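Just below is one structure, and these are the notes that go with it.
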Amino acid sequence: MKKHKKSLYTKLTAMLTSLVMMCSIVSGNAMTLNALNLGERSSVFFQFYAQNQEGSWEWMSTASENLVLGEAITLDLSTIDEQGESIFSSATDTAAFGVQFGDGALKVGDSSKVDISIDTITIKATGYEDLVIDLEPKTFNESYLAKEVEWGITDNATTIALKDYLGEDFLAHLQAITSIQTTVTLNSYSYTAKQTEEIEEPTDEVIFFEGEASSDGSWGQAVSLNAGTDFKVSQLVLGTQIAVTYEGEREPELILASWSGGASWAKVAPTKVSNGVAYFSYKDYLAAYAAGTEDYAQYNEAFPYLNVIHIGDTGSPLVVKKIVLKKEGEVTVPSYEQGEETTVFCQFYAQNQGGNWEWMAPASTNLKFNEEQELHFSPIAADGSSIFTLSNEGAVFGFQFGDAGIKGGESSIVGVTIDEMIIKAEGYNDVIIHPEPASYSEKYLAEEVAWGIQGNATFIVLKEYLDTDFLSHLNAITDMSVKLTLTDYAKVVKEDDGPEFDPDYTHPTEMRNLTATELVEEMGMGWNLGNTLESLGGETAWGNPKTTKKMIDAVAKAGFKTLRIPISWDDSLGENYTIDPEFMDRVETVVNYALANDMYAIINIHHSYGWNVANVENQEKGTEGYKRLWEQIAERFKDYGDYLIFETMNEPRDGDNWTGYEEAYEVVNAYNAACIETIRKSGGNNKERLVMLPGYAASSDSKCIAAIKIPEGDDHLAVSVHAYSPYSFAMDTSETSQTTWSTQDKRALENIFSLVDKTFIQKGIPVVMGEFASTNKDNLEARVAHAKDYVSIAAKYGVPCIWWDNGAWRAYSNDAMGIFNRRTLEWVFPEIVNAVFEGYNNPATDEEFNPLVIFKGKATSSGAWGQALNFKPDTDFMLSDLIDNSQIAVTYESQNAPELILQSWSGGPNWVKIAPNEVKDGVAYFDYEDMIAAYSAQMPNYNEYNEDLPCLNMMYVGDTGAALKVTKVMIIQSPIKGEITFNGKWQDGSNGELILTNISSETLHNWIISFEYPGEITTIWNATIESHEGNRYVIKNSGWNQDLIAGESVKIGFVAAGKESVSEPSKYHVLSTQKISEIAHYEIVFNKTNSWDNQMTGEIKITNQSSTNIEDWQVVFEFDGEITQLWNGEVSKGQGISYCVKNKGYNASIAPGETISLGFTATLADMSAEPHSFEMIQLSY
């Protein structure tokens, strides 16, 4: 059943996306208009329903009632089944509940109009008062057009939601309902059967427009032709083209538009332009309109609901002078005499839907033109067995006809009428089939693919006519017959498009002496020619058409500046990895499609049949293969300029191991080194050509990134990374996958680009995001937001991104990441295209991201030892940010402190719990050392890994038996590194120095530091001991050494007692933090001491009114004047009129009751201005 949105008045709609590979299935019948007589019972049904909105989406409904035209029918519909239980017993809290009415007689393509009135609805339920509902409106005037979807028919019914009327205890009320009463009147009804298109003969020439019309160059429309007045839709037939005579710098575009059910805005580029005339081919604008029309296959007409044709400009002023419909190509209508054998064939067939996809069919028969034939097909082979013995339960069975006489690019119209089919099988009754519809008018456009020709045949599925024991019935068939007539045939021969390149075109050879970073900055947005030249089996083996220059012209025209061309060379290899020259020529041609458009072109070694596996056992073989291929590729392209980029490999890995291991990482590094050495040795421009190199699996995982080794002494390298991130949104299509996008989700992207920035970009090594995309889960709005954020964040770091387009875009199909229709040359999702360019042109700002803040918001768990948050390593946070002495701080609200949980399902411990080391002011602090200790204790083979948390898959924040709310989770990296040196050791004591080094980039003011040490410190100098509990010490500076400058160290001398006094301290943490003091703890007073000629002197007095010292203070205030001199403090000016004064060190501490004075001079524009809005900021812990 269709999922219903929660609204009072919702018309059921659905989208069916069809993947048509080798067939098209169509139907049609003559149009009829029917109306009922008053008092006659109709096909309009009425019922009450509930439907769960999750799980298996159970549908529950009362008995339906068919309405009578013109009569008010009072209904009393029971909700109790024969066993005495509620029909709603399977409902859940999320269920929808309401009333539904619709037309049950509609078939695909049929339409009807229904006018219905619903009087008061009364819902009776045990334990509840009668619920009386007066709908608003009461009368509904509905227009339906039935469409086919996988569960049956849609767009033939209306639902009215009633859930809100049942109140807060919805489920209990729903399941207590015993009956529902109402009075319904069907006021009017009309029915229109599906209409068959009348095909006109191609016309020599019809003038649609002549005169002068213009648009200003802002992608507007110069001419609009309305269907029915300016042209007839029936005139648009196979064998015609629309010719537009125009003036302008850029060629116009054709736009077919519908506001009544067809494609809303189908754009078409001209097939060719010559002498100021743009020609738009029928096959191009038919394909564009079909692609934009929902459920196009169900219509038996070329342009259903077409309302208008626009001629528009493409970003430059346009003047249109004439629009003509004229013939194109060579048309034969018909090309056969009656009774003459044709190229139209037919046959019965079966084909398995998996495995080897076995095709089983008796020999086909060619039809005779305009002559009824009765044909018999036997499935019995010469040895007496059935040709269907290879069939499996999933096989399809049916009848096929098509045109074997058309080649790639050619078109034909085939009309076939099928009277009857008979299937005879041993042990079964004869199956007699009268197809509905009986007549087919097919429009074919043949396309060359790896296995031959597609788009030239029609399949009629007959599986449902066989018995429920389908496979036995299929194998028992002895004869299949059909009575049919080939009624119509017309053929259009492919028109020669002429040469793809200009006669004077030569590939560019210039090397512009750009650095790798400068060149990468120029790459801009990129697009992958996916599932094409890397298809194992040939360029079209994975369903995409053969690449043409027109395709790449359209990609370039959209603004993309880089074309990545994935290439599998294996199908073209001979002995010793020798590349077939014909395939090398084909690759060179496609490369020049990009270069001729001033695009960067990237070529690589992509898929293989296994010779390049990244493991030690295969390393010698893999190295040989890479070197031999790059010797030949580099030689062919050595004189090409720097717009051509090489990429050594694609996602190199050890089979299906996508995370890798140290030996495999080194094999990948060795492969890269071998490829680069081979390329550089080839000479020519390859000595300085930009070469992209991936790490293991081209992964953005921190371990894979860290393992990449850049060959030394080569300044023309860039790192290639692929990141479909976050995975749950971008690639996962399971029921639990993520389909929405929010600000919090950007963290995964920020982490990736922050990592490659620190690892490579800051060291002068550019990075290219060679593949990124998101799969279509019928969530366009979220995909648009993801695309914009992705590219915007990448742009902040100067990383060009290349969208992975594999030519597949049907929602929830495998890797549905396509955004460009290569057959129609139209963007399937222009919103995504616009989003990536908006992101590219608007880089994210630095202020938007703090990599150490893992979460900020609100997350809860109920108190049943559940988890409020989960974080995926290297997606939600970076493992590399967890360094020695770091902590994870969780800000929370709960009676109990939260716990941290570490989980692995890939080799580590399954469930490791960690308690906080400290809880203070609503923050739980978890020490990284405690996490490592707990994790390693439950992992017997821990020492085999050279990692702190090997195989970690997830980290959770959970409650400990009380309801929990988490508002912030962050990593705190200690800015202190501690070392100890012992000057002397004896049996029960030691002395030495604790060396504290500031490893951060900022000065530590008034430092206070905690650490753990099992010895007992009896004497300390250069610091004071603030507290000592258990093994935890807190020490504070001695005043004169309160500020520890970045990179500098302070030495703390000590004497310690106890046998354990020679142990190493650990868990160093800085405790001092800035905070605004409470106003009751201090008093700040200003006095003006003198003033003259826009000048003044003044005094600010600070008094400590608390019982403790004020430490390392700062005072902020506002003052509409310019302070020119200040003593006893350091002054800095902020934004606007704000100022900050910091202590001078000697006066950093203000004792209780003590007052200090700050004097200053200032220049004033307004002599009445005085400092005000004072706040005290101090360091504390």
Would you check if I901 is surrounded by fewer than 20 Cβ atoms within 10 Å (Cβ to Cβ) and either within 23 Å of K703 (Cβ to Cβ) or of a type in the set (A, V, I, L, M) (or both)?
-> yes
State which residue is farthest from R689 (Cα to Cα) when the search covers only segment 616-626 and only residues that are buried (at least 17 other Cβ atoms within 10 Å of the Cβ) and of a type outside the set (G, A, S).
-> N618
Could you figure out which of (1) at pLDDT 90 or above; (2) under 30 Å from I1009 (Cα atoms); (3) of a type outside the set (A, V, I, L, M) isn't true of W1127?
-> (2)
Scanning for something part of a loop (DSSP other than H, G, I, E, B) and on the phi > 0 side of the Ramachandran plot, does segment 686-704 turn up at least one residue?
-> no
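Output the number of residues of segment 535-550 satisfying the condition of being of a type in the set (D, E, K, R) and touching a Leu at 6+ places or on another chain (Cβ under 9 Å). Spell out how you get there, then give the answer.
Our first condition is that a residue be of a type in the set (D, E, K, R); within segment 535-550, this holds for 539, 546, 549-550.
Subset that is touching a Leu at 6+ places or on another chain (Cβ under 9 Å): 539, 550.
Residues meeting the conditions: 2.
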Does N1041 satisfy being surrounded by fewer than 17 Cβ atoms within 10 Å (Cβ to Cβ) and touching a strand residue (DSSP E or B) at 6+ places or on another chain (Cβ under 8 Å)?
-> yes
Would you check which residues across segment 351-376 are among the charged types (D, E, K, R) and in a strand (DSSP E or B) and list them?
-> K368, E372, E374
Across segment 671-685, which residue is nearest to P652 (Cα to Cα) among those that are assigned to a helix (DSSP H, G or I) and of a type in the set (S, T, N, Q)?
-> N672
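From I793, I819, grab the single residue that is over 13 Å from the mean Cα position of the chain (by Cα), crowded, with 21+ Cβ neighbours inside 10 Å, at pLDDT 90 or above and in the same structural domain as T548 (by TED's automatic domain parsing). I'd like the intermediate steps shown before the answer.
Numbers: I819 fails: over 13 Å from the mean Cα position of the chain (by Cα).
So the residue among I793, I819 that is over 13 Å from the mean Cα position of the chain (by Cα), crowded, with 21+ Cβ neighbours inside 10 Å, at pLDDT 90 or above and in the same structural domain as T548 (by TED's automatic domain parsing) is I793.
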Any idea which of (1) at positive phi; (2) of a type outside the set (D, E, K, R); (3) in contact with a strand residue (DSSP E or B) (Cβ under 6 Å, 6 or more places away or on another chain) is the one F1119 doesn't satisfy?
-> (1)
What strands (runs of 3 or more DSSP E) completely inside segment 253-302 contain at least 2 residues that are outside the structural domain of D155 (by TED's automatic domain parsing) and hydrophobic (A, V, I, L, M, F, W, C)?
-> 253-257, 266-268, 277-281
Residue check, S1132 against (1) under 56 Å from the mean Cα position of the chain (by Cα); (2) in a strand (DSSP E or B); (3) buried (at least 16 other Cβ atoms within 10 Å of the Cβ), all met but one. Which one?
-> (3)
Output yes when any residue across segment 1167-1180 is within 17 Å of K1088 (Cβ to Cβ), among the small types (G, A, S), touching a strand residue (DSSP E or B) at 6+ places or on another chain (Cβ under 7 Å) and part of a loop (DSSP other than H, G, I, E, B), and no when none is.
-> yes
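Identify, please: which residue in segment 651-665 is part of a loop (DSSP other than H, G, I, E, B) and out of contact with any strand residue (DSSP E or B) (no Cβ under 9 Å at 6 or more places or on another chain) and is, among those, nearest to G622 (Cα to Cα)?
Filtering segment 651-665 for residues part of a loop (DSSP other than H, G, I, E, B) gives 651-653, 655-656, 658-661.
With the extra rule that they be out of contact with any strand residue (DSSP E or B) (no Cβ under 9 Å at 6 or more places or on another chain), the set shrinks to 653, 655-656, 658-659.
Values: R653: 11, G655: 13, D656: 17, W658: 18, T659: 19 Å.
Across segment 651-665, the extreme among qualifying residues is R653.
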Selection status of T589, assigned to a helix (DSSP H, G or I), closer than 21 Å to G530 by Cα and modelled with pLDDT of 95 or more = yes
Could you grab me the full set of residues in segment 412-447 that are surrounded by 15 or more Cβ atoms within 10 Å (Cβ to Cβ) and not in a strand (DSSP E or B)?
-> Y428, P435, P437, A438, A446
Kindly establish whether Q867 is modelled with pLDDT of 95 or more and among the polar types (S, T, N, Q).
-> no
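In this structure, is Y942 in contact with an Asp or Glu (Cβ under 9 Å, 6 or more places away or on another chain), buried (at least 17 other Cβ atoms within 10 Å of the Cβ) and among the aromatic types (F, W, Y)? Lay out the reasoning, then the answer.
Working: in contact with an Asp or Glu (Cβ under 9 Å, 6 or more places away or on another chain): no; buried (at least 17 other Cβ atoms within 10 Å of the Cβ): yes; among the aromatic types (F, W, Y): yes.
When the stated conditions are applied, Y942 does not pass them.
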Could you check, for segment 917-927, whether at least one of its residues is in contact (Cβ under 8 Å) with a residue 24 or more places away in the chain, touching a helix residue (DSSP H, G or I) at 6+ places or on another chain (Cβ under 7 Å) and more than 28 Å from D701 (Cα to Cα)?
-> yes
Output the number of the condition that L131 fails; it satisfies all remaining conditions of (1) within 19 Å of L67 (Cα to Cα); (2) part of a strand (DSSP E or B).
-> (1)
Which residue, of I207, I180, I199, is modelled with pLDDT of 90 or more and more than 30 Å from Q53 (Cα to Cα)?
-> I207
All conditions in (1) under 20 Å from H1005 (Cα atoms); (2) more than 48 Å from the chain's Cα centre (by Cα); (3) not charged (D, E, K, R) are true of G1153 except (1)
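Loosely packed, with under 13 Cβ neighbours inside 10 Å and within 24 Å of G857 (Cα to Cα): does that describe D927? It would help to see each step written out before you state the result.
Details: loosely packed, with under 13 Cβ neighbours inside 10 Å: no; within 24 Å of G857 (Cα to Cα): yes.
No; evaluated as a whole, the condition is false for this residue.
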Within segment 793-804, residues out of contact with any Asp or Glu (no Cβ under 8 Å at 6 or more places or on another chain) and under 16 Å from P726 (Cβ atoms) come out as A794, C801
Tell me, which residue of segment 1077-1093 that is surrounded by 13 or more Cβ atoms within 10 Å (Cβ to Cβ) and not in a strand (DSSP E or B) is modelled with the highest pLDDT?
-> H1081
If only one of Y593, Y609 is in contact (Cβ under 8 Å) with a residue 60 or more places away in the chain and under 24 Å from M525 (Cα atoms), which one is it?
-> Y593
Output for segment 684-730, where each listed residue is touching a Gly at 6+ places or on another chain (Cβ under 8 Å) and among the hydroxyl-bearing types (S, T, Y) = Y696, S699, S720
Counting only strands (runs of 3 or more DSSP E) wholly inside segment 448-525, the ones holding at least 2 residues that are more than 41 Å from the chain's Cα centre (by Cα) and on the phi < 0 side of the Ramachandran plot are 477-493
Breaking point among (1) farther than 25 Å from W803 by Cβ; (2) in contact (Cβ under 8 Å) with a residue 12 or more places away in the chain; (3) not hydroxyl-bearing (S, T, Y), for K687 = (2)
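The values are calculated or read from the model by the stated rules, or taken from the named source; none is laboratory data. Predicted model, so just to flag it, every value in this text is computed and none were measured. Here the Cβ is made from the backbone with ideal geometry for all residues, glycine too, and neighbour counts use every protein chain on show.
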